[in-house]
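Visitor: Here it is, the structure, as structure tokens.
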Amino acid sequence: MDGRDAAVSAAGAPGAVYAAFRTVALDRPGATAVIGPDGSEATYATLLGAVEDAAGRLTEGLAPGEVLGLAAQDPLAFVTVYLAAAKLNTVTVLLDGRASTGQRARDARKFDLARLAVDGAGPGAFALEPAGAPRTGEHGYASDDFVVHCTSGSTGRPKGIVMSQAAVLARVRLWAGETELVPADVVLCALPLWHCHGIDVLTLPALLTGATVVFAHGGRLTGRGLARCVQRHAITVMSGLPVMYRMLTEARGVPATALGSLRLAVSGSAPLATDTQESFLGHYGLPLRQVYGLSEIAVICFDRDYAGNGSIGRPIAGVEYRLDPVRSPEAAAGPAYELSVRGPALARGYYRDAEATAEMFEDGWLRTRDLVRVEPEGWYVLGRHAAFINVAGEKVGPLEVEDALRACPGVLDCAVVGVPDLRTTERVAALLVTGPEFDPDATRRRLGERLRSCQLPQRYEFAAALPRTALGKTDYAAVRELLDTEERDAT
């Protein structure tokens, strides 16, 4: 037994995630496990063999206790290395494979990386290379830590969310049970695997159920291309960003039958506009259900019974919640609550960030910092506590203003933030992406009918597209910077 085998044995190898996958692979060796963006396929037996080979390479390439950065963009390579690392109980940091050399060096220092797994030559191939500039000295990972998710940094500085294999397995099994996944399902993953939505909500639930995962490059798909992908592979389950469903509802020449194989369509990782839900249901005859969660615990709520109207549903099985009353940001909307949750899927905290961990993790609870409204038909997210705009003492929720803007003709996309104002503390500012139908006066009149006076944007700016994070979420930090730049230029 070499050093790595001894370390694995001491940690109770094989890891829980790998062991669950291996059980499924041995039971369904000839079934198709994954289909790549290029159409290449791998059965469960083939994938298991690739995982075993990758585990051997990691054993040779990493010293016991060293930390791996997983930066492969090829989905098959990513999944292979992920499961191999799970077998070896190797701490693995999931990274955006498109990051620059400088960013990789910063990640190496921040997360104490020794090696990076990157794309090799051909589908499923990977290479190991030095991480660049790892921190010297001992790392700060616990004995049962397995994977680190890097937050997108859309509203603040990026952080590394650390969790065990037990937590990963819990979130995977809870979600698979909630969606009633079965081996006959074909799941579409058009999201990056380094993000929780791509790996924990789509890929792992499918693979640990015995279903098939079809990978696609979401950023390269049009609405028609997405519909063709669903039809070609007879997709039964898809989950993605709201923009994917907006593309499907706006695509010309796509018949309702194109999505006929779907039994479940889920939107998550960003707020879903009610008109997108209504348009999708009207055109395709299938409810578009919203899911709500955080990478720190994965799925929290799911609109399983389809309340629609922007509802996130209710907490799923396995998630315990606490609702702390706060002063309602919208007087007419009823009581608001700050949501805290806990359960077996919860991460242990942020890597080497005691301040952020103390802010979000409290006595076994995760303080989501989100405010919710609780109605009989479901829950509604009002927005993040820190994101509310203080307009002369009135708390304005940006999400409600954005929802009202998106309902206006010609508004293709929008982002609402608070900007400093000497007289009123803050004022509401909107960055708009507009089309030919946009009429500023009509938009202001329509907003005046729907929103209170303190909610009305006092400043409008326009852009060809909203700034976005690598995942595709609105980058609010970049929106504020853009608005600040526009204001400085105007003066």
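Visitor: For Ala55, state whether it is on the phi < 0 side of the Ramachandran plot, crowded, with 18+ Cβ neighbours inside 10 Å and touching a residue at least 60 places away in the same chain (Cβ under 8 Å).
Guide: Numbers: on the phi < 0 side of the Ramachandran plot: yes; crowded, with 18+ Cβ neighbours inside 10 Å: yes; touching a residue at least 60 places away in the same chain (Cβ under 8 Å): no.
When the stated conditions are applied, Ala55 does not pass them.
Visitor: If you don't mind, there's one more thing I want to ask. Check Ala142 against each of (1) modelled with pLDDT of 95 or more; (2) surrounded by fewer than 19 Cβ atoms within 10 Å (Cβ to Cβ); (3) more than 19 Å from the chain's Cα centre (by Cα) and name the one condition it does not meet.
Guide: (1)
Visitor: Also, quick follow-up: Could you list, in sequence order, all residues of the range 276-290 that are of a type outside the set (A, V, I, L, M, F, W, C), under 15 Å from Ser239 (Cβ atoms) and in contact with a helix residue (DSSP H, G or I) (Cβ under 7 Å, 6 or more places away or on another chain)?
Guide: Step one: of the range 276-290, the residues of a type outside the set (A, V, I, L, M, F, W, C) are 276-279, 282-285, 287, 289-290.
Retained after the next criterion (residues that are under 15 Å from Ser239 (Cβ atoms)): 276-277, 287, 289-290.
Those that are of a type outside the set (A, V, I, L, M, F, W, C), under 15 Å from Ser239 (Cβ atoms) and in contact with a helix residue (DSSP H, G or I) (Cβ under 7 Å, 6 or more places away or on another chain): Thr276, Pro287.
Visitor: Inside the range 342-374, can you point out the residues that are in contact (Cβ under 8 Å) with a residue 12 or more places away in the chain and among the polar types (S, T, N, Q)?
Guide: Taking the range 342-374 first, the residues in contact (Cβ under 8 Å) with a residue 12 or more places away in the chain are 342-353, 356, 360-362, 364-374.
Selection gives Thr368 alone.
Visitor: Looking only at the range 430-454, filter to residues that are acidic (Asp, Glu) and in a loop (DSSP other than H, G, I, E, B); which one of those is modelled with the lowest pLDDT? Before you say what the answer is, go through the steps one by one.
Guide: Initial filter on the range 430-454 (acidic (Asp, Glu)): 437, 439, 441, 449.
Okay, now just the ones that are also in a loop (DSSP other than H, G, I, E, B), so 437, 439.
Numbers: Glu437: 90, Asp439: 93.
The qualifying residue modelled with the lowest pLDDT is Glu437.
Here's the yes/no breakdown for (1) touching a Lys or Arg at 6+ places or on another chain (Cβ under 7 Å); (2) surrounded by 16 or more Cβ atoms within 10 Å (Cβ to Cβ); (3) of a type in the set (Ser, Thr, Tyr):
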site: Pro64; (1), (2), (3): yes, no, no
site: Asn89; (1), (2), (3): no, yes, no
site: Gly97; (1), (2), (3): no, yes, no
site: Arg104; (1), (2), (3): no, yes, no
site: Ala117; (1), (2), (3): no, yes, no
site: Ala121; (1), (2), (3): no, no, no
site: Val148; (1), (2), (3): no, yes, no
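Visitor: Could you list, in sequence order, all residues of the range 299-312 that are surrounded by fewer than 22 Cβ atoms within 10 Å (Cβ to Cβ) and either under 29 Å from Val147 (Cα atoms) or out of contact with any strand residue (DSSP E or B) (no Cβ under 9 Å at 6 or more places or on another chain) (or both)? Working first, answer last.
Guide: Taking the range 299-312 and keeping what is surrounded by fewer than 22 Cβ atoms within 10 Å (Cβ to Cβ), we get 304-310.
Hit for the range 299-312 is Arg304, nothing else.
Visitor: Being part of a loop (DSSP other than H, G, I, E, B) and in contact (Cβ under 8 Å) with a residue 24 or more places away in the chain is the filter; apply it to the range 268-288 and report the residue that is nearest to Thr474 (Cα to Cα).
Guide: Initially, the range 268-288 is screened for residues part of a loop (DSSP other than H, G, I, E, B), giving 268-273, 285-287.
Restricting the remaining residues to those that are in contact (Cβ under 8 Å) with a residue 24 or more places away in the chain gives 268-273, 285-286.
Details: Gly268: 13, Ser269: 10, Ala270: 8, Pro271: 10, Leu272: 13, Ala273: 14, Gly285: 28, Leu286: 26 Å.
Ranking the candidates gives Ala270 first.
Visitor: If Glu296 satisfies all but one of (1) surrounded by fewer than 20 Cβ atoms within 10 Å (Cβ to Cβ); (2) on the phi < 0 side of the Ramachandran plot; (3) of a type outside the set (A, V, I, L, M), what's the number of the condition it fails?
Guide: The failed condition is (1).
Visitor: Name every residue in the range 241-284 that is surrounded by 19 or more Cβ atoms within 10 Å (Cβ to Cβ) and on the phi > 0 side of the Ramachandran plot, in order of residue number.
Guide: Ser269
Visitor: Is it the case that the range 318-338 has a residue that's under 17 Å from the mean Cα position of the chain (by Cα), assigned to a loop (DSSP other than H, G, I, E, B), crowded, with 22+ Cβ neighbours inside 10 Å and at pLDDT 95 or above?
Guide: no
Visitor: I would also like to ask the following. Does Val8 satisfy being surrounded by 20 or more Cβ atoms within 10 Å (Cβ to Cβ), modelled with pLDDT under 95 and over 25 Å from Gly218 (Cβ atoms)?
Guide: Numbers: surrounded by 20 or more Cβ atoms within 10 Å (Cβ to Cβ): yes; modelled with pLDDT under 95: yes; over 25 Å from Gly218 (Cβ atoms): yes.
In short, yes.
Visitor: Hey, another quick one. Kindly indicate whether Ala85 is touching a strand residue (DSSP E or B) at 6+ places or on another chain (Cβ under 7 Å) and either of a type in the set (A, V, I, L, M, F, W, C) or under 23 Å from Ala190 (Cβ atoms) (or both). Lay out the reasoning, then the answer.
Guide: Numbers: touching a strand residue (DSSP E or B) at 6+ places or on another chain (Cβ under 7 Å): yes; either of a type in the set (A, V, I, L, M, F, W, C) or under 23 Å from Ala190 (Cβ atoms) (or both): yes.
Here the answer is yes, as Ala85 does meet what is asked.
Visitor: For the range 180-226, what are the residues that are part of a helix (DSSP H, G or I) and either in contact with a Lys or Arg (Cβ under 7 Å, 6 or more places away or on another chain) or of a type outside the set (A, V, I, L, M, F, W, C) (or both)?
Guide: Here is the first cut: in the range 180-226, the residues part of a helix (DSSP H, G or I) are 196-207, 218-220, 223-226.
The answer is His197, Gly198, Asp200, Thr203, Pro205, Gly218, Gly219, Arg220, Gly223, Arg224, Gly225.
Visitor: Being under 20 Å from the mean Cα position of the chain (by Cα), modelled with pLDDT of 95 or more and not in a helix (DSSP H, G or I) is the requirement here; does Ala265 meet it? It would help to see each step written out before you state the result.
Guide: Details: under 20 Å from the mean Cα position of the chain (by Cα): yes; modelled with pLDDT of 95 or more: yes; not in a helix (DSSP H, G or I): yes.
Taking the combined requirement at face value, the residue satisfies it.
The values are calculated or read from the model by the stated rules, or taken from the named source; none is laboratory data. Just so it is clear, the model here is predicted, and its values are computed rather than measured. Positions of Cβ are generated from backbone atoms using ideal geometry, with glycine treated the same way; all protein chains shown enter the neighbour counts.
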